[in-house]
1. Would you tally the residues in the stretch 6-28 being exposed (fewer than 11 other Cβ atoms within 10 Å of the Cβ) and either at negative phi or acidic (Asp, Glu) (or both)?
2. Could you say which residue among 31, 59, 49, 41 is in contact (Cβ under 8 Å) with a residue 40 or more places away in the chain, open to solvent by 50 Å² or more (accessible area, probe 1.4 Å), within 24 Å of residue 108 (Cβ to Cβ) and not acidic (Asp, Glu)?
3. As an exercise: evaluate residue 77 against (1) among the polar types (S, T, N, Q); (2) at positive phi; (3) free of Cβ contacts under 8 Å to residues at least 12 places away in the same chain and give the number of the one condition it does not meet.
Amino acid sequence: MKNQELEKSFTHKLVDIVEYVPGSVVMKAILKKKTGTVTVLSFDMGEALHSKTSPFDNLIQIIDGEAEVIINEELSTIETGQTIIIPAHARNIVKANKRFKMLSTIIKSGYEDVSI
């Protein structure tokens, strides 16, 4: 099944786009383009996106709950309404000691040849 973007020109409540699923991380693309992605994710307690790096900056906004974000071994606790930018090429882990939902925005500007 193809991951569909949200319907355009209609209002959406971010926190309701994905549900919590026991023992899971759930992802829903809002926008997915060659120039970047915007995704809403929900994390059940104890779940994580394990250590990885990306060639792009990633803006993380917590829309429900509280997340632990580890960037290059530096721990930050991010709560509802707060944001953090994971720099390109930084080792990072996003984990849930409590369940939470977040918005992830990755813009691939300047990293690849994109025709407009």
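The values are calculated or read from the model by the stated rules, or taken from the named source; none is laboratory data. Every value quoted in this text rests on a predicted model; they were computed, and no experiment measured them. With ideal geometry, Cβ positions are generated from the backbone for all residues, glycine too; neighbour counts draw on all protein chains shown. Areas reflect the complete protein model, heavy atoms only, side chains present, ligands, DNA and RNA absent. Shrake-Rupley method; radii C 1.70, N 1.55, O 1.52, S 1.80 Å.
1. Residues meeting the conditions: 7.
2. One residue alone meets the criteria, 59.
3. Of everything listed in (1) among the polar types (S, T, N, Q); (2) at positive phi; (3) free of Cβ contacts under 8 Å to residues at least 12 places away in the same chain, residue 77 misses just condition (2).
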